Amino acid sequence: MNGVEALREGCATRELRLFLLACFATSLSVWAFMVVLAIAAYNAGGVGAVTLAIIASVLPGALAAPFTALLGDRSSRRAALVVLSACATAVLVLLTLVSAAGAPLGAILALAACISIITSAQRPSQAALLPGLAAGPRQLAASNGLWQMLGNAAFCIGSLAGGAAAAGLSVAAGAALTAAAAAVSLVAFALMRADVLPAHRAPRAGASVTAELLLGLCEVRAAPDLREAVGVLAMVSLLDGIMGVLVVVVAVELVGLGTGGVGLLNAAWGAGGLAGGFVALTLLARGRVSTALSVSVATIAVPLALLAAVAQPAVAVAGLVVLGVGYAVAETGGQMLVQRLASDETLARAFGVAETTSQGAVALGSVAAPLLIGALGVRGALLATAVFVPLVLVARWSAVERLDSQAVVPERELALLRSLDLFAPLPIATVETLALRAVPTEFEDGEEILRLGDAGDVFYVIAEGEIDVDAGAVSRREGPGEYFGEIALLRDVPRTAGVTAVGDVLLYALARDVFLAAVTGHVRSREAAQGVAESRLRASAARR
C-alpha cells in the first residue's frame, strides 16, 4: 500500500471522516487555547504568570486522566465524546465572556484547569473509539497516521490563528476562536453513528469504584507488551519536554535567531510532524512497525547530533523538521500498539494511564533540560538527548517483532472473529493471532462435522453456509457469524451435540490450545464463553 492508497484507506468511510474531522477540530481548539492562555497570562503577570498557566493547563489533566478515562470504557465512547465536546465548548464560551469582561487571571486559570480535565478524557476516548471504526489493522494504521497528520496541521494552524487573534485583536477574540473549533468537534461527533455499549464493558460484578478506576493501570502493569507500548509514548513525551526548553535555548543562544526564532523552530517541528504522519501511515499500513521504529530513532538522533556539531540557523530549521518526522512516527506507532494490545474493556483507561505517564514525562523533560544544559552545555545537552531517548525507545519496543510477524493478517477472518461475543473483549493483537491460526475448512451438503460423544479438540466459526446442530432433545440451525464446539473444549467433556452441513459450508477452525489460551486468558472473554456454554446446556437439559 503506497502513501496515497493509505490516505484513502484511512478516511474510507463516513464514520472515519467524521471522526478525523472531530479530532482535528478538537486539536485545533486545544492548540489555539494554549497560545491564547499564554498571551493572557503574559499580559497579566509576565513570565511567572505564563509558568502558572502551563501548570494549570497540564497538571489537573495529568492527575485526572486515569479517572476521567473511565467514561470511555463504561459508556458509549461516541456519546462520551459528544458530552465532553459540549462541556469544552461551554467552558470556552465562558472564557470568552470572562476575558471580554476583564476578569482577573485567577478566573482564567480556573477555566484552564477545567479544560485540562476535559481534555484528559477526550484523548483516551478518541483513541479507544478508533479501533471500532477501522475494518482491520491496515485501516487502523492508516487512520492513526492520518490522525497524526491532522493533529500536526492543527498544531500549526491553531498556534498561528490563536496567536494572531489574541495578539492582534484581543484575548476574548482568541478565546472565541477556540470555542468555535470546539463547537465543530461537537457537531462532527454528534453526526456519527451511535456505538453500542457491549456487555463486556459493563462494570464487573462486585467491583468497587476504586477497583474499576484502577483496572486500566492493573492491565498495563500485568501485560509486558502493553507496558512497553505505554513506555514508548512516555519516551516520546520526555523528548517533547526536553525539546520544549532546548528549542528556546538553541534559537536564542546557539544559532542566534533571537526570540523570534523560537516560533520558527516550533513551526519547523510542526511541519516535520505533518510529514511524519504521512510516513507513519505509509509504513504502519504495510505492517512495518520495526521499520517505523528505525525511521523514528534515526530521525531523532541524527538531526540533534548534527545540530550539536554544526550550530547554524539553516541546520537548526532543517533539523527540527527531521526531528518532527521522527517524533510523529514514534508517537503514532506507540498509540497503535496500545490500541492493539489493550483489551476493549479497559482501552480508554489504558490510554488514561498513558496520558498521565506522558504528561509526567513532559514535566520531567522540562526539568531535566536545564540540568543537562547546566552540566553539559547546550551542545552537550543536544548530544545526550540524541543518544538517550532513541536508545530507550529501542529498548522498550519489545512487541515490535511479534507484531511485524502478524503484518499480513487475513482481513475476513479478523472481522468475523472480532464480531463474536467470545472474542470481542480481547485485545486486537490477540484476535489477530487467532485470525492467523484459523484454518479454513470446507464440508459438503449432508457431511458430518461433529459426532455426539466424540472427543473435542476444535472450535468452529461459520463463515459461509448453514449447519444443523442435534443435541438430542434440542436441535437448531446456525449460519454465518455463529459458532459451535466450545462446550467440549471449555468443560473437557465429549461432544454434546452432532453437527451436519446443510449445503456447502465454509468454517474457520481453531485448535483447542489456541482457543483456550485466548478465551481463558481474559476474564470477560472467559465469562462470555462460559455463559454461552451454560445457556446451551440448560436449554438441552430443559427439553429432556
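The values are calculated or read from the model by the stated rules, or taken from the named source; none is laboratory data. Predicted model, so just to flag it, every value in this text is computed and none were measured. FYI the Cβ positions are ideal-geometry reconstructions off the backbone, even for glycines, and counts take in every protein chain you see. These area figures cover heavy atoms from the full protein model, side chains too; ligands, DNA and RNA do not enter into them. Shrake-Rupley method; radii C 1.70, N 1.55, O 1.52, S 1.80 Å.
Observations on the model:
- Looking only at residues of segment 453-479 that are in contact with an Asp or Glu (Cβ under 7 Å, 6 or more places away or on another chain) and surrounded by 14 or more Cβ atoms within 10 Å (Cβ to Cβ), we find that the one that is farthest from A435 (Cα to Cα) is V469.
- Considering residues of segment 167-178 that are aliphatic (A, V, I, L, M) and open to solvent by 10 Å² or more (accessible area, probe 1.4 Å) only, the residue farthest from the chain's Cα centre (by Cα): L169
Residue-wise test of (1) in a helix (DSSP H, G or I); (2) open to solvent by 40 Å² or more (accessible area, probe 1.4 Å); (3) at pLDDT below 75.
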site: S27; (1), (2), (3): yes, no, no
site: V36; (1), (2), (3): yes, no, no
site: G46; (1), (2), (3): yes, no, yes
site: A49; (1), (2), (3): yes, no, yes
site: I55; (1), (2), (3): yes, yes, no
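- Segment 468-483, residues that are in contact (Cβ under 8 Å) with a residue 40 or more places away in the chain and under 14 Å from L450 (Cβ atoms): A471, G472, Y483
- A121 being within 19 Å of G334 (Cβ to Cβ), open to solvent by less than 30 Å² (accessible area, probe 1.4 Å) and in a helix (DSSP H, G or I): no
- Qualifying residue in segment 64-72 (condition: within 24 Å of M192 (Cα to Cα), in a loop (DSSP other than H, G, I, E, B) and out of contact with any strand residue (DSSP E or B) (no Cβ under 9 Å at 6 or more places or on another chain)): yes
- Being open to solvent by 10 Å² or more (accessible area, probe 1.4 Å) and either modelled with pLDDT of 85 or more or not aromatic (F, W, Y) (or both) is a property that does not hold for V250.
- Remark: L382 matches the filter, which requires a residue to be of a type in the set (A, V, I, L, M) and more than 21 Å from the chain's Cα centre (by Cα).
- Residue in segment 272-289 that is within 29 Å of V35 (Cβ to Cβ), at pLDDT 85 or above and either outside any helix (DSSP H, G or I) or basic (K, R) (or both) present: no
- Residues that are free of Cβ contacts under 8 Å to residues at least 24 places away in the same chain, open to solvent by 10 Å² or more (accessible area, probe 1.4 Å) and touching a helix residue (DSSP H, G or I) at 6+ places or on another chain (Cβ under 7 Å) occur in segment 71-94; there is at least one.
- Every residue from segment 120-178 that is closer than 24 Å to A194 by Cβ and polar (S, T, N, Q): S120, Q122, S125, Q126, Q139, S143, N144
- Taken as a whole, the structure places S143 among residues that are under 30 Å from L416 (Cα atoms) and either open to solvent by 10 Å² or more (accessible area, probe 1.4 Å) or part of a helix (DSSP H, G or I) (or both).
- Candidates A301, A305, A311, filtered to the one that is of a type in the set (G, A, S), out of contact with any strand residue (DSSP E or B) (no Cβ under 7 Å at 6 or more places or on another chain), surrounded by fewer than 24 Cβ atoms within 10 Å (Cβ to Cβ) and not in a helix (DSSP H, G or I): A311
- Residue count for segment 428-439, restricted to those that are closer than 13 Å to G521 by Cα and either of a type in the set (G, A, S) or open to solvent by 20 Å² or more (accessible area, probe 1.4 Å) (or both): 1
- Looking only at residues of segment 337-378 that are acidic (D, E) and open to solvent by 20 Å² or more (accessible area, probe 1.4 Å), we find that the one that is nearest to L293 (Cα to Cα) is E355.
- Residue in segment 125-138 that is open to solvent by 30 Å² or more (accessible area, probe 1.4 Å) and outside any helix (DSSP H, G or I) present: yes
- Qualifying residue in segment 9-20 (condition: assigned to a helix (DSSP H, G or I), open to solvent by less than 20 Å² (accessible area, probe 1.4 Å) and basic (K, R)): no
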